[in-house]
Amino acid sequence: MEMSPELLQRFFAGDCSQEQEAAIRAWLVKHPEVLAPYMTEQSWEQFQAGDTIPAGASERMRRYLLRKMRRRTRYLQWSAAAAVLVLLAGLAYFQMLQKEQPLVQEPVAMTCLQVANTSFVVKNIKLPDGSQVALAGGSVLEYDSVFSERRDVALSGNASFSVAKDQSKPFCVHTRNINVTALGTVFSIENKDSLFTSVRLLEGKVVIKKEPHIAQKIEAVFLVPGQELLFNNSDFSNRVQRFGDKPRNERVDTDLFTGPNTAVLELDNEPMAEVFKKIEQLYHLKIDFKGSEVKDMRFTGMYRPSSETIEQFLNTLVLLNHLKIEKTKTGFRIRADE
């Protein structure tokens, strides 16, 4: 293409076609000396960039190049012209390629939390994954503020667990010498006794294994609902039994009994409303509940006062059926957990 002053004027005025503009840009790179007459202060005032340059950057570029252009040597005029081309081309190329970068979320700091229940009232705890824990009085629970690949908690004492289902992240409760792993289930652990640790499964499936510090070989034990494992912390032996597999002489006639009621309550697929009524009658307390909220709920299991309080038992029922419980002056108030 033959380059004429008229064509260059049209180029600087922005009147060229895309093909002409590309050809002229390539030609100017090879012949920067041609730009000298055009790089005056007046041309700077009249110059309109095709791409928007931030005001601060544009003014700094202008002041810098004007200082260079005031030195009247032809060499520096050529240098200024070349600098303009490089800066403008670089800026246009940068703006063309720049894409909005996705926000990188800062990792959440993870800390170890400890909840100690120093009262005589069961304390309800919601874990980071949504799992629910009913922590008995005199018990301690430790867990991470954020669960990553696993959901590990440590228990000293007694607690019932309603585990949020997550097949990719096993839920594991560590006690003194054993651990209980579940995916989505309801179970309770009694770990206050110096000799025995008890694990009861109410719903789902769990596997019980030894803790790593135990050198003795102990086979993993799987429980099904209604089973209880008794682990001996002295000789590391264990046995699996149904709930309440203890001598029947624990039963007493409540009509003749004047001390604390130790009657064992056995329930076989009972409607929840009937469960609450039997507890009221047998243990002389008031349970305030709405029949419409529990009409589709049933329960099979056993309550043994010698091994847990009525409050602990009710908290297990609450966790199992997604209810909430509140202690009152005469007993308990139970409602749907909205």
Filter pass, PHE257 being farther than 25 Å from ASN124 by Cα, aromatic (Phe, Trp, Tyr) and either in the same structural domain as VAL224 (by TED's automatic domain parsing) or modelled with pLDDT under 75 (or both): yes
Every residue from the stretch 292-321 that is over 35 Å from the mean Cα position of the chain (by Cα) and surrounded by fewer than 16 Cβ atoms within 10 Å (Cβ to Cβ): SER306
Those residues of the stretch 167-207 which are surrounded by 22 or more Cβ atoms within 10 Å (Cβ to Cβ) and of a type in the set (Asp, Glu), in sequence order: GLU190
From the options ALA164, ALA136, residue that is closer than 23 Å to ASP337 by Cα, touching a residue at least 60 places away in the same chain (Cβ under 8 Å) and surrounded by 15 or more Cβ atoms within 10 Å (Cβ to Cβ): ALA136
Counted residues, the stretch 176-233 - those being among the small types (Gly, Ala, Ser) and either out of contact with any strand residue (DSSP E or B) (no Cβ under 9 Å at 6 or more places or on another chain) or on the phi > 0 side of the Ramachandran plot (or both): 4
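The values are calculated or read from the model by the stated rules, or taken from the named source; none is laboratory data. Source: prediction; values computed, not measured. Glycine also receives a Cβ, built like all others from the backbone with ideal geometry; neighbour counts cover every protein chain displayed.
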